[in-house]
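S.K.: What follows is a single structure, and I will ask about it in a moment.
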Amino acid sequence: MPTITALYAGLLGLVSMVIAFKAGRLRGKKNIPLGDGGDRELLLAMRRQSNFVEYVPLALILIGLLELNHVQPVALHALGAALVAARVSHAIGMKIDTMKVPARFIGASLTALVVVVASIWAIVVAV
């Protein structure tokens, strides 16, 4: 069992549920059963959730494959911890009226870095 990946998948699963709960709660509060109903606040909550599910599965798969190929645990923990920090930062930093929020930039950049590093490492391990 890839226990290091399981740890970060568990942590990210909890983060995902917080993000999803906030979107669902807002949907109920505004009585919008489907889509965003033209509501920018709900659209933002939906994009937070969507962005999370667009990047986290791939990153976890890559980290898991590295773990299954016996990459050093400290490297796996670094990738996993960076991914958790990145996704929390990104969700906090997403705002309706501006993209110039450092937390969003840091979260997006760190997520991309984790995916790129894990991808290249997986290619090197495979070759």
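S.K.: State which residue pairs qualify: first residue under 18 Å from Ala59 (Cβ atoms) and modelled with pLDDT of 95 or more and inside region 11-27, second residue among the aromatic types (Phe, Trp, Tyr) and assigned to a helix (DSSP H, G or I) in any location, beta carbons under 8 Å apart, and separation of 6 or more residues or different chains.
M.R.: Val15/Phe52; Ser16/Phe52; Ile19/Phe52
S.K.: Which pairs turn up if I take residues in region 81-101 that are touching a residue at least 12 places away in the same chain (Cβ under 8 Å) and look for partners that are among the charged types (D, E, K, R) and surrounded by fewer than 12 Cβ atoms within 10 Å (Cβ to Cβ) with beta carbon separation below 8 Å, at least 6 apart in sequence or on another chain?
M.R.: Filtered contacts from region 81-101: Ile96/Arg40.
S.K.: Next question. Here's a check for you: in region 84-127, which residue that is polar (S, T, N, Q) and surrounded by 18 or more Cβ atoms within 10 Å (Cβ to Cβ) is nearest to Ala45 (Cα to Cα)?
M.R.: Narrowing region 84-127 to residues polar (S, T, N, Q): 89, 98, 109, 111, 119.
Still in the list and also surrounded by 18 or more Cβ atoms within 10 Å (Cβ to Cβ): 89, 111.
On the way: Ser89: 14, Thr111: 19 Å.
Selected residue: Ser89.
The values are calculated or read from the model by the stated rules, or taken from the named source; none is laboratory data. Every value quoted in this text rests on a predicted model; they were computed, and no experiment measured them. Cβ coordinates were reconstructed from backbone atoms using ideal geometry, including for glycine residues, and neighbour counts include every protein chain displayed.
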